[in-house]
Amino acid sequence: MISVDNVSVIHGGSPLFSNITFNINDGDKIALMGKNGAGKSTLLKIIAGVNKPSSGSVSAPKDYVVAYLPQHLLTADDCTVMEEASKAFASYLSMKEEIEAINEQLTIRTDYESEDYYKLIEKVSELSEKFYAIEEINYEAAVEKVLLGLGFLREDFIRSTSEFSGGWRMRIELAKILLQNPDLILLDEPTNHLDIESIQWLEDFLLTKAKAVVVISHDRAFVDNITTRTIEVTMGRIYDYKAKYSHYLELRKERREQQQKHYEEQQRFIADTTQFIDRFKGTYSKTLQVQSRVKMLEKLEIVEVDEVDTSALKLRFPTSPRSGKYPVVVQDMSKSYGNQVLFRDASLTIEQGQKVAFVGKNGAGKSTLIKAIMGQIEFEGKCELGHNALIGYFAQNQASLLDESLSIFETIDQLAVGEVRTKVKDILGAFLFRGDDINKKVKVLSGGEKTRLAMIKLLLQPVNLLILDEPTNHLDMKTKDIIKDALKAFDGTLILVSHDRDFLDGLATKVFEFGNQRVREHFEDINGFLRNKKLENLREVERK
């Protein structure tokens, strides 16, 4: 068990949270929730020992191992993927080497009666007791299993980590954490760079192998699948629910309704008491009663209603100009990079008004096919756009294409037309740009803030074929809900590349699966697709 005792953090003279206390027990699977800026990542870093609290403490048993995966990290560039992942067993291998070295010393030395010789015997006995208490590890097999589960290919094992993007390096670090078999795993947005199959593998690992887990994630399905306890950080304090995320939302709503009821009752009491004091404060016969009520008000602890986002703004795409019946027709398309074949003879037809999802492992060709549809790359085969197809495109690097010299407000204001111009500040507020933030220059924004701003730009353009490539990375749940509602109401055609199952649920009605150099069409929604994939995976395991 790990104990968080009266932990407080002061930022810029103001408390981020105060006197937070809770325990993390063996077997706990905890979701750490709260709005952006509430202090979730700060609290996770304190538990990990990366940051120190302003006051309070975190305590754990001796030899208790905590493994922490931050949102952003860089692995070393001086070794292969296999070598980097194998560093998870550094202490085990070091202990083994030390035992072998001491045993060799004992074999060749002849000073059997010396103090040094006895010290070596004591040392090797102590190390051996520790070493043989650990179940013998076939670490190479363990590393291979975890790397394959996280989406790496066997040929990737000997490649340098410098050849991989930040997302893939994140997976290497995640592999190291999982291989350490820690007592507590702390994960800050672990699914941002994982495809659906890797997320499913990670879920299974955390459910069946992990001892205790605390996770911050905006992937609602992931959180619901792996957690049984929810700790909400809000207004400088925490609420601890023995419930998974979806049930926590219901309990939180009930809590806030009760708080609001008590607050309104207290305000009525304060108003009535104040009115009595004002009415009788000069009346001799009522002096004691007046004084009693004044003291009562002075001692009264005011009921606080926890913050709740009351924004009810509904974003809608402009009405789509009419397009042809088939906005996208692909026939016998093949694409390779050198000897690497992404897909062969891919054919697909997307009808006007359809909402489809492209899913599959990273590197299977999803973004490549989108680039082919956009006319950005060469390929074999045919790709035709329908009559009057007007494309709105959100690429994974869309945020980097913003004009950094403009402010947030200027970026949106120059696109807004008609009635929308009067709602620019409301729209920005719905995407968490409020107050003085709207005057910030784009160049000083974080990656997540730029992603949100690029998404707003897309919402304001009249298009009839919308192509979104991983649009939800770095977006919190409320922002994703706003975008999802807008996409549901969008009357044009939608192609969506995403690993966020909750986002796809109820949005995409057809799935195109990329993998094994093929593009397969599934006439079902994402839940039907995943149910069938699990059956396929089970049959594959049985065949093996």
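The values are calculated or read from the model by the stated rules, or taken from the named source; none is laboratory data. Keep in mind it's a predicted model, so treat the numbers as computed, not measured. Positions of Cβ are generated from backbone atoms using ideal geometry, with glycine treated the same way; all protein chains shown enter the neighbour counts. The area values use the complete protein model at the heavy-atom level, side chains included, leaving out ligands, DNA and RNA. Shrake-Rupley method; radii C 1.70, N 1.55, O 1.52, S 1.80 Å.
No other residue among E129, E155, E97 is under 25 Å from G515 (Cα atoms) and acidic (D, E) apart from E155.
Answer yes if at least one residue in segment 217-225 is within 12 Å of I30 (Cα to Cα) and surrounded by fewer than 21 Cβ atoms within 10 Å (Cβ to Cβ), and no otherwise. Checked segment 217-225: at least one residue is within 12 Å of I30 (Cα to Cα) and surrounded by fewer than 21 Cβ atoms within 10 Å (Cβ to Cβ). With the structure loaded, tell me whether K286 is over 30 Å from Y239 (Cβ atoms) and at pLDDT below 90 or whether it fails that test. Answer is yes for this residue.
Residue pairs whose Cβ atoms lie under 6 Å apart, sitting 6 or more positions apart in sequence or on different chains, and linking a residue in segment 235-252 that is among the β-branched types (V, I, T) to a partner that is part of a strand (DSSP E or B), are I238/I20; I238/I231.
Restricting segment 125-149 to residues that are of a type in the set (A, V, I, L, M, F, W, C) and modelled with pLDDT of 85 or more, the residue that is most open to solvent (accessible area, probe 1.4 Å) is L148. When you scan segment 89-108, do you find a residue that is under 27 Å from the mean Cα position of the chain (by Cα), open to solvent by less than 50 Å² (accessible area, probe 1.4 Å) and modelled with pLDDT of 85 or more, even just one? No, segment 89-108 contains no residue that is under 27 Å from the mean Cα position of the chain (by Cα), open to solvent by less than 50 Å² (accessible area, probe 1.4 Å) and modelled with pLDDT of 85 or more.
The number of residues in segment 16-32 being in contact with a strand residue (DSSP E or B) (Cβ under 7 Å, 6 or more places away or on another chain) and closer than 23 Å to T208 by Cα comes to 7. Pairs linking a residue in segment 424-437 that is under 9 Å from I412 (Cβ atoms) to a residue that is modelled with pLDDT under 75 and open to solvent by less than 10 Å² (accessible area, probe 1.4 Å), with Cβ atoms under 7 Å and 6 or more positions apart or on different chains, are V424/A416.
Scanning segment 229-238 turns up at least one residue that is touching a His at 6+ places or on another chain (Cβ under 9 Å) and under 29 Å from K211 (Cβ atoms). Give me the residue from segment 394-415 that is modelled with pLDDT under 85 and open to solvent by 70 Å² or more (accessible area, probe 1.4 Å) and, out of that set, farthest from T472 (Cα to Cα). This residue is Q414. Taking the listed residues T230, T208, T273, the one that is among the β-branched types (V, I, T), modelled with pLDDT of 90 or more and surrounded by fewer than 18 Cβ atoms within 10 Å (Cβ to Cβ) is T273, with no other qualifying.
Just one of (1) among the aromatic types (F, W, Y); (2) under 25 Å from C79 (Cα atoms); (3) free of Cβ contacts under 8 Å to residues at least 60 places away in the same chain fails for F157. It is (3).
With respect to the conditions (1) part of a loop (DSSP other than H, G, I, E, B); (2) open to solvent by 60 Å² or more (accessible area, probe 1.4 Å); (3) over 28 Å from T319 (Cβ atoms), I377 lacks only one, and its number is (2). In segment 63-78, of all residues being modelled with pLDDT of 85 or more and over 15 Å from M170 (Cβ atoms), the one that is surrounded by the most Cβ atoms within 10 Å (Cβ to Cβ) corresponds to V66. For Q517, the conditions (1) modelled with pLDDT under 90; (2) more than 25 Å from the chain's Cα centre (by Cα) all hold with the exception of (1).
Scanning segment 384-397 for residues that are closer than 20 Å to L194 by Cβ and not in a loop (DSSP other than H, G, I, E, B) turns up just one, F394. Looking only at segment 13-72, residues that are of a type in the set (S, T, Y), within 24 Å of the chain's Cα centre (by Cα) and farther than 20 Å from R220 by Cβ come to 2 in all.
If only residues of segment 9-44 that are charged (D, E, K, R) and within 17 Å of L186 (Cα to Cα) are counted, the one that is modelled with the lowest pLDDT is K40.
Exactly one residue among K478, K484, K488, K510 is at pLDDT below 80 and at negative phi, and that residue is K478. Within segment 84-103, residues that are under 23 Å from E163 (Cα atoms) sit with their Cβ atoms under 9 Å from residues that are among the hydroxyl-bearing types (S, T, Y) and outside any helix (DSSP H, G or I), at 6+ positions apart or across chains, in these pairs: E84/T75.
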